[in-house]
Amino acid sequence: MYVAVKGGERAIANAHAWLAEERRGDTDIAELSVGQIREQLSLAVNRVMAEGSLYDPDLAALAIKQSRGDLIEAIFLIRAYRTTLPRFGASEPIDTADMTCDRRISATFKDVPGGQVLGPTFDYTHRLLDFKLAADGEVGEAPTRAPSPDPVPHVTGFLNREGLIEEAPRDDTPPPDLTREPLELPADRALRLQALTRSDEGFTLGMAYSTQRGYARNHAFVGELRIGAVAVEMEIPELGFAIEIGEITVTECETVNQFKGSKTEPPQFTRGYGLVFGQTERKAISMALVDRALRWEELGEDDVGAPAQDAEFVLYHGDNIQATGFLEHIKLPHYVDFQSELELVRKLRREAGVADVAEAAE
Amino acid sequence: MDVSVTERKDWMGLMARAVEGRVAALLSKAGLAVERRFLRAPEIGSVMVRGRAGGTGAAFNLGEMTVTRCTIKLDCGTVGHGHVQGRRKPDAEAAALVDALMQTDRAEAVSAAVLEPLRSEEAARRAARASKSAATKVDFFTMVRGED
């Protein structure tokens with residue numbers, strides 16, 4: 001029987017008050033400031049900016065504090081805030097060749113012009129817990145060296161000169177925007193890249209890993225990985241010219257993939273591309289591998305039925321806010337829906353001649 | 001006063017990239033009180049940042065960034081526009097004011113008080129990162145091969 005229910009306001013208010021108290025934790029321990037989170041948990045901040053799809057380190061740090069470090073909850077907060085902002089326009093595409101690189105490595109060419117620059121990396125650490133960090137936070141100054149004035153060109157440019165790699169010719173078609181129009185299939189590469197750059201890191205990593213293990217294997221090498229600052233330029237209508245409106249840190253990964261040629265394309269190296277806000281290299285490499293796997297159709301490859309080749313599967317399940325919204329809603333009250341399910345099961349059991357437990361007991 | 005587009009782009013970019021609070025602080029320290037009114041009060045919004053597939057190819061939407069903009073008009077009729085990264089209304093207002101003043105005969109004073117400090121701060125910030133980055137550059141040495 002349907003019974004309308006109302007109530008729970010006091011319980012909800014009290015639950016939220018307790019949440020605030022639990023968020024703060026033991027008050028004998030100093031409270032975290034937003035600045036501390038921004039500076040000392042910067043890779044979490046970067047992930048929230050990338051998947052929240054809004055570059056603003058202070059807001060991302062605030063969201064992490066508010067969400068008690070639940071990064072998907074923090075991303076949710078950022079996505080919700082983003083929708084309240086008026087949009088001034090779109091930038092000119094950023095010029096990653098002009099990046100001021102903190103880090104730049106190539107796994108394919110040892111002697112790249114500009115050199116192999118490690119930057120502040122976890123690579124080659126021994127992954128041993130550092131108990132000094134638990135004691136005091138003192139760190140020495142990092143060593144310095146006179147920077148070289150040489151340019152740091154894109155690695156794929158060298159292969160391009162020999163014609164050994166597919167080109168990426170400039171195309172200024174206004175790209176589709178999934179924050180304005182629902183994501184529909186077939187999705188062109190621009191739309192796929194937008195979806196991938198904001199998709200969940202864990203999901204994207206799993207998809208990328210599946211291609212390495214053999215599900216649509218595409219033999220990826222990291223042709224280049226670079227992390228650094230790029231200027232963002234936008235045309236200002238009142239001015240009639242473009243100005244720089246800021247500078248953002250991004251991670252870019254270009255994979256070079258073995259390719260034997262297909263019905264439509266000659267044997268050459270093909271490319272996968274990853275570009276993500278912040279220092280987010282696991283995500284950028286994953287994005288490049290998944291981008292490459294999703295390009296099977298335009299490269300004339302066979303659909304081997306691998307999950308990473310399935311644009312619908314990848315693009316419709318990678319967004320952690322969509323996913324968690326649908327997943328978590330099932331824990332909210334469904335009393336009415338369940339009541340009708342209960343009635344149905346009782347009716348079916350009666351029809352099947354199964355005696356009710358209650359009746360049998362009588 | 002004739003101002004080239006290149007010059008104007010240069011100072012607008014410098015102020016857009018500055019550390020939070022610096023544009024407003026330097027301008028207020030300079031004590032350049034002027035009568036002005038808002039054509040557009042400081043406003044926080046977003047800009048969709050674009051990238052290119054493969055770094056050089058088709059444009060795609062990467063994600064948004066926060067931007068604050070402001071437009072002011074001086075009593076003499078000169079209009080100034082400010083666009084700064086992030087959510088910082090005082091800086092956007094100061095940037096608009098500097099942009100306007102840089103088009104007047106007070107340009108030299110404003111440049112010395114606001115733009116030059118911003119320029120040297122930015123240069124120092126960049127040099128510090130670049131020199132740390134350079135220290136992590138790998139010097140390879142080739143092991144002697146057995147057959148040679």
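Here, each number is a calculation from the coordinates, and none is a lab measurement. Predicted model only: the values in this text are computed from it and were never measured. No Cβ is skipped: glycine too gets one built from the backbone with ideal geometry, and neighbour counts run over all protein chains shown.
Side notes on the structure shown:
- For the range B:1-49: rounded, prolate or oblate by the Cα gyration tensor [a/c cutoff 1.5]: rounded
- Once the Cα gyration tensor of the protein assembly as shown is diagonalised, semi-axes √(5λ) in Å: 44, 35, 25
- Here B:Thr68, B:Thr104, A:Thr173 are placed in order of increasing Cβ neighbour count within 10 Å, fewest first, which gives A:Thr173, B:Thr104, B:Thr68.
- Computed from the C-beta positions of A:Leu342 and A:Glu9, the FRET efficiency with R₀ = 30 Å rounds to 0.65.
- Helix A:57-66 and the long axis of chain A differ in direction by around 30°, with both axes built from C-alpha atoms.
- Packing-based exposure ordering (other Cβ within 10 Å, fewest first) of A:Val45, B:Val114: A:Val45, B:Val114
- More than 27 angstrom apart: percent of Cα pairs within the range B:5-130: 23 percent
- Between A:Gly206, B:Thr104, A:Gly119, the Cα set farthest toward the positive side of the dipole of the protein assembly as shown (charges on each charged residue's Cβ, about the Cα centre) is that of B:Thr104.
- The protein assembly as shown - share of DSSP beta bridges that are antiparallel (%, nearest 5): 85 percent
- Cα-based shape type of the range A:35-159, given that a ≥ b ≥ c are square roots of the gyration tensor eigenvalues and the cut on a/c is 1.5: oblate
- Computed P(r) (all Cα pairs; the range A:9-82; 10 Å bins; percent): 21, 44, 28, 7
- For chain A, adding -39500 (n - 2.57) for each run of n ≥ 4 DSSP H residues and dividing by the number of residues yields -11500 deg cm²/dmol at 222 nm.
- Ordered by the number of other Cβ atoms lying within 10 Å of each residue's own Cβ, fewest first, A:Glu224, A:Glu298 fall into the sequence A:Glu298, A:Glu224.
- Chain A: angle of helix A:71-82 to the longest principal axis, Cα-based, in degrees nearest 10: 80 degrees
- Note on A:78-90: average number of Cβ atoms from other chains within 10 Å of each residue's Cβ is 4.
- Rounded if a/c under 1.5, otherwise prolate or oblate - the range A:131-248, Cα gyration tensor axes: rounded
- Nearest-ten-degree value, helix A:320-329 long axis tilted from longest Cα axis of chain A: 10 degrees
- Dividing the Cα radius of gyration of the range A:192-264 by 2.2 N^0.38 Å, with N the residue count, gives 1.59.
- Chain B: most fluctuating residue of B:Arg22, B:Arg37, B:Arg50 per GNM, C-alpha cutoff 10 Å: B:Arg50
- Between the range A:94-121 and the range A:1-79, the Cα center-to-center distance that results, in Å: 35 Å
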